[in-house]
1. Select from segment 129-164 the residues that are aliphatic (A, V, I, L, M) and touching a Ser or Thr at 6+ places or on another chain (Cβ under 6 Å) and list them in ascending order.
2. Taking the condition of being farther than 15 Å from Tyr162 by Cα and part of a loop (DSSP other than H, G, I, E, B), how many residues in segment 124-139 meet it?
3. Testing His9 on (1) in contact with a Cys (Cβ under 9 Å, 6 or more places away or on another chain); (2) surrounded by fewer than 18 Cβ atoms within 10 Å (Cβ to Cβ), one condition comes back false. Which one is that?
4. What are the residues in segment 98-117 that are open to solvent by less than 30 Å² (accessible area, probe 1.4 Å) and farther than 24 Å from Gly34 by Cβ, if any?
5. Residues Thr180, Thr174: which one is open to solvent by 40 Å² or more (accessible area, probe 1.4 Å) and in contact (Cβ under 8 Å) with a residue 40 or more places away in the chain?
6. Can you name the condition, by its number, that Leu190 falls short on among (1) at pLDDT 95 or above; (2) outside any loop (DSSP other than H, G, I, E, B); (3) surrounded by 16 or more Cβ atoms within 10 Å (Cβ to Cβ); (4) within 15 Å of the chain's Cα centre (by Cα)?
7. Please work out which one of (1) more than 23 Å from Glu136 (Cβ to Cβ); (2) part of a loop (DSSP other than H, G, I, E, B); (3) open to solvent by 20 Å² or more (accessible area, probe 1.4 Å) is the condition Tyr15 fails and give its number.
8. Do we find that Ile104 is β-branched (Val, Ile, Thr), at pLDDT below 95, within 17 Å of Asp169 (Cα to Cα) and not in a helix (DSSP H, G or I) in this structure?
Amino acid sequence: MGGGYWQSHQVSAEYRAEQKQQDPFVVWFTGLSGAGKSTLANALDLALVERGYHTYLLDGDNLRHGLSADLGFSETDRMENIRRAGETAKLLVDAGIIVIAAFISPYENERVAVKNSLGATRFVQVYLDTPLSTCEQRDPKGLYQKARSGELQNLTGIDAEYQPPANADVTLDTSQYSVTQAVGQIIGLLVKQQRIGR
């Protein structure tokens, strides 16, 4: 896969980061559908922008309307979707942007591949360990209802596997925290890691 020649750029990633006065990185939300990924990603995005940071939010549902519109939900397509998301995040980090990514990303090897591609120091993993029962009660897209009735196949957590992260930087059960509390925990970690100021 791949090909062609790699073109060097006169403007470096370091210069772009310095111009924006921030160290770029990715906050990668993973968890079941309904766990709260998009909600928390949006809230974190707003919290960082209000602090003066340059950010971009990559949401799994939105990518499937454009960049991954040609993909289905087979295991192969899901892995390709995450590969594309990881490559997009990498480009944005190279541009000096703090990226917030919200993807079910059910397989440990694909999350590790994104982390390795970015470099471990540029990857913060947030695992939303929200109980399946809570996710089913929320069911914002009606997916669980369809899966239980047999209308939908290969739904993660029902008839498709979800592999919890081995080493998440933050693990949150969103049934136990408000959005404000959860974002506060993530911001606290980013401050502690000296990725952002207070």
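The values are calculated or read from the model by the stated rules, or taken from the named source; none is laboratory data. Because the structure is predicted, anything quoted here is derived from the model rather than measured. Cβ placement follows ideal geometry from the backbone for every residue including glycine, while neighbour counts extend to all protein chains displayed. For accessibility, only protein heavy atoms count, side chains too; no ligands or nucleic acids. Shrake-Rupley method; radii C 1.70, N 1.55, O 1.52, S 1.80 Å.
1. Listed by number, the list holds a single entry, Leu143.
2. Residues flagged as farther than 15 Å from Tyr162 by Cα and part of a loop (DSSP other than H, G, I, E, B) within segment 124-139 amount to 1.
3. For His9, the failing item is (1).
4. Ile98
5. After ruling out the rest, the residue left standing is Thr180.
6. (4)
7. Condition not satisfied by Tyr15: (2).
8. yes
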